[in-house]
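Derivation of every value follows stated rules applied to the coordinates shown; laboratory data play no part. This one's a predicted model, so the numbers in the text were calculated from it and none came from an experiment. Don't worry about glycine lacking a Cβ; one is built from the backbone with ideal geometry, like all the others, and counts go over all protein chains shown.
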Amino acid sequence: DPEVNEYRTSLAIRVSGFDVPRPIKTFEDAGFSVELMKAISKQGYEKPTPIQCQALPIVLSGREIIGIAKTGSGKTAAFVLPMIVHIMDQRELQKEEGPIGVICAPTRELAHQIFVEAKKFSKSHGIRVSAVYGGMSKLDQYKELKAGCEIVVATPGRLIDMIRKKAFTMLRATYLVLDEADRMFDLGFEPQIRSIVGQIRPDRQTLLFSATMPRKVEKLAREILTDPVRVVVGEIG
Ligand code: ADP
Ligand code: MG
């Protein structure tokens, strides 16, 4: 479709993969609920950023994604908004306990930013978000997790620690986000990431975001994602 190609070019988006959903132009095009649209406008988000225009329809359709876009391009909402939709669809269906959405980020600071963003969109839906990284005592964290949550935002080491302590199970986890995958590799978290992925059911939806795509990250993506759509915004990647 030449019109779609032209629109992608105007957003500096390149895609690869089969049957790639067409990019949206407005948040209305995403088909979000009234409740979620309210939360979006409350944030002052008037229209989706380029990565959001292409990633939202891909992820909302249930497809897996490799998203490559530079810092500040709005990647957080690109995975948090479809996660809210996913959780609203899933939580009535599943009897298990434990988080439905699991987000891994390389550092406490980055995880905290995601935690704050995720809470903004979760609150009005009665979705509970827990932070699993340094800063809170392990005992307090354990107690909070025991009380239950639908989303965990975590650094890899602390997440494994909490799984090992049986603070929650991964039985209900069906939406996994690996954010800033290149930095997680730089920090040596590859074994922890592989361990976490191995503990989440294979019928999950996996999303991987990164500012760059080194060979090792590409290899992991090929191993853990199923028929992903690859989206590159701008000149990097
Ligand atoms: P990235 O993860 O790509 O580095 P962030 O998700 O942290 O980027 O977003 C960068 C900034 O842009 C944040 O302050 C966020 O609130 C803001 N932002 C995200 N999406 C939009 C949007 N659609 N409209 C306006 N601002 C947005
Ligand atoms: Mg980010």
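Table for the structure above
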| item | result |
| --- | --- |
| DSSP-assigned coil residues among GluC sites (Glu not before Pro) in region 127-234, each with at most 11 further Cβ atoms within 10 Å | none |
| Computed lengthening from GLU96 to GLU46, 0.36 nm per intervening residue step minus Cα-Cα distance | 14.3 nm |
| Charge dipole of the chain about the Cα centre (unit charges at C-beta), most positive-ward option of LEU178, PHE27, PRO191 | PRO191 |
| In nm, spacing of pseudo-spin labels at GLU6 and THR26 (7 Å Cα→C-beta vector) | 2.0 nm |
| Total formal charge among the other residues, if their Cβ is under 11 angstrom from that of GLU96, Lys/Arg +1 and Asp/Glu -1 | +3 |
| Estimated dipole of the chain in Debye, rounded to 20 [Cβ of Lys and Arg +1, of Asp and Glu -1, Cα centre] | 760 debye |
| Average Cα contact separation per residue, the chain, under 8 Å, 6 or more apart, as relative contact order % | 29 percent |
| Charged-residue dipole, Cβ positions (Lys, Arg, Asp, Glu), region 29-80 about Cα centre, Debye nearest 20 | 140 debye |
| Calculated [θ] (222 nm, deg cm²/dmol) that DSSP helices of n ≥ 4 give over the chain, each run adding -39,500 (n - 2.57) | -13000 deg cm²/dmol |
| Calculated SAXS-style log₁₀ I(q)/I(0) at q = 0.14, 0.18, 0.20 Å⁻¹ - region 82-237, Debye, Cα scatterers | -0.66, -1.12, -1.38 |
| Within the chain, longest stretch clear of exposed trypsin sites (Lys or Arg not before Pro) (DSSP loop, no more than 14 other Cβ within 10 Å) | 167-237 |
| Using a Förster distance of 25 Å, the FRET efficiency for LYS119-THR212 (Cβ separation, nearest 0.05) | 0.30 |
| Residue-count net charge about ALA12 - beta-carbon cut-off 12 Å; Lys, Arg +1, Asp, Glu -1 | +2 |
| Selection from GLY101, GLY67, PRO228, by position along the positive dipole direction of the chain (Cβ) | GLY101 |
| Whole-angstrom gap from region 1-65 to region 152-192, using each part's C-alpha centre | 27 Å |
